[in-house]
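The values are calculated or read from the model by the stated rules, or taken from the named source; none is laboratory data. No experiment lies behind these values; they were computed from the predicted model shown. In this analysis, Cβ positions are derived from the backbone assuming ideal geometry, glycine residues included, and neighbour counts consider all displayed protein chains. Calculation scope for accessible area: heavy atoms of the full protein, side chains included, ligands and nucleic acids excluded. Shrake-Rupley method; radii C 1.70, N 1.55, O 1.52, S 1.80 Å.
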Amino acid sequence: MKHFLFFCCLLLLAIDLKARPILQGGTETTDSLLARVSAEISNVNPVRALELATEALSLSRNIGYSKGKAMSCFYIGQVLSYLGDYQRSIEYLSLSEQERYSRDNAVMQSEISRIKGQVYYMLNLNKASFHELQKAHEYAIRIKDKKERDRHTSLAYENLGIAYDIIKQMPDSSFYWMKRNEKLLTGAEEKSIFRNKINLYSHFGEYYTGKQQYNTAALYFEKADSLIRQYDYHYSSWLYQRWGDLQRKRGNNDSAMILYRNGLENLKTTNIKNELPGFYKRISEIYAEREEEDSARQYHEKELQISNELGKARNAAAEEAFAMLLREEQKLSKAKLRRTISLVAILFTIVLSVSIVIVYQSIIRRKKKESEVSELKLKLNDAFEEVIELARKNESSFLPRFREVYPEFSRSLLQQHPNLTNTELRLSAMIFLHFPSKEIAEYMFITHRSVQTSKSRLRKKLDIPSDTDLYSYFKTFS
């Protein structure tokens, strides 16, 4: 009997190992996809980046590649933040954070916290945003490689400088982090961090412009411009817009107009369209101040037109992105369902075999085991499997079919609690079917924390004590 059970354990272990191979060719393909994702993000092409990241995630899950899953989820979360889907962005960043590769990698931890901090700020969760940006700094200084440590620490300083300015409204503290960043970059190899310096000098220029220290602001803008020219850096529109703002505040509209037009020329190369409305607005305002109404109106119309185009493009990109993610999640659900059915079949065979052995040992055990096998067969009937499959696929027909299969439970529950919504009934049904919270979150495409919150709210609506198990409570209605 002991040898038989030991064999069963080895069989289950073999199944698990077979289901999660690490294929060398698969990892190379995934790494290649991830490199392309990074390039598409740099080229400001979120839809293509999301498509490639989704493909990389699917492949990584199939081969059990932790690095691929971590980086794919991170890129998906990053792109979703660009598209404005902040809730799902946080979900994918959290998935990346939970991967073993991320837990052991300070670079990943710093980057995840940095993007989460930015997303939390967009959600007006200022306290959480500030906390994540602080974590990004804490992780950055733990990076072992000096070049990587300096680069990510500089990014952390930059974000903290902005956070103290716009979240804490503490300009002196903001300036402190900007100065720390300046000191760090001064000692680093300029060729590898010149982009960080361009950002820093531009921020300094903007800071001193706000302080009305125009000569100092101009000095920093000139430093940034010098680096752009030295390294033939293709992205300069952000600098020209703020430099032009400085010239306008000094009353030099002609110089401001030149800088704004230089920025527009740069945007023709980089194709970063979301900066265009800002330039058109500023140029329109200068023409209005000159009382050149036709030109002012022309650029105002351009501003409205590109803003409208960007809005439509963003909506279209979001719809396509969400469709891709839905297809990936459905594919994953089907694959998990197939694995689950296979595992249930094997487990059933093992249980049945053990039952047969036990029959010859004791009549009492035989009756008990026959009862367990009978109950197991009842649970695995066709109707049960159909309801389970509909739940896992998140099909809209799940709840109506559940009511047909379990009419007594549905009727009794609604008689006792007639004010339950369809969403609450769906959650109640999945709890009744004994789905754990983790699987509920997976099949309903929400976070584990959201499931816990929904359960808590349901418990309050049902008016049952906090120490009462929901599954046990629902079983009383069947």
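What the phi angles of segment 174-191 give under the Karplus curve with 6.51, -1.76 and 1.60, with θ = phi - 60°, is a coupling list of 4, 5, 4, 6, 5, 5, 5, 5, 4, 5, 4, 5, 5, x, 9, 5, 5, 4 Hz, glycine and proline written as x. Shape class of segment 223-289 from the Cα gyration tensor (axes a ≥ b ≥ c, square roots of the eigenvalues): oblate, since a/c reaches 1.5 or more and a/b does not exceed b/c.
As a length-normalised measure over Cα pairs under 8 Å and 6 or more apart, the relative contact order of segment 91-177 settles at 22 percent.
Taken one residue at a time, the phi angles of segment 68-84 give Karplus couplings (6.51, -1.76, 1.60, θ = phi - 60°) of x, 5, 4, 6, 4, 4, 5, 5, 4, x, 5, 5, 4, 5, 5, 7, x Hz. Gly and Pro are set to x. For Asn252, put the label point 7 Å out on the Cα→Cβ axis and report which residues of segment 193-218 keep their amide N under 19 Å from it. Answer for segment 193-218: 201-218.
Full extension of the chain segment joining Asn394 with Glu285 gains 34.0 nm, where the gain is 0.36 nm per residue of separation less the Cα-Cα distance. Note on Leu304 and Asn126: the extension gain reaches 61.0 nm, defined as 0.36 nm multiplied by sequence separation minus the Cα-Cα distance.
For Lys455 and Thr269, compute 0.36 nm times the residue count separating them, minus their Cα-Cα distance, and round to one decimal in nm.
Between Lys455 and Thr269, full extension yields an extra 61.8 nm.
3J(HN,Hα) along segment 441-450: 4, 5, 7, 9, 6, 10, 7, 4, 5, 5 Hz, from the Karplus curve 6.51 cos²θ - 1.76 cosθ + 1.60 with θ = phi - 60°, whole Hz, x for Gly and Pro. With a cut-off of 15 Å between beta carbons, the residues surrounding Leu414 carry a summed charge of +1, where Lys and Arg count +1 and Asp and Glu -1.
Expressed per residue, the C-alpha convex hull volume of segment 141-292 stands at 124 Å³. Placing a pseudo-label 7 Å from each Cα along the Cα-to-Cβ vector at Arg100 and Gln134 gives an inter-label distance of 3.2 nm. Distance between the 7 Å Cα→Cβ label points at Lys144 and Leu337: 4.5 nm. Structure note, pairs Lys69/Lys455; Lys223/Lys273; Lys179/Lys268; Lys135/Lys191: Cα-Cα distances above 31 angstrom occur for Lys179/Lys268.
Accessible area of Glu292 (1.4 Å probe, protein heavy atoms only, ligands and nucleic acids ignored): about 80 Å².
Taking the Cα centre as origin and putting +1 on Lys and Arg beta-carbons and -1 on Asp and Glu beta-carbons, what dipole magnitude results for segment 218-261, to the nearest 20 debye? Could you put the intermediate results ahead of the total?
Working: 7 positive and 5 negative charges, 32 e Å.
Computed about the Cα centre, the dipole is about 160 debye.
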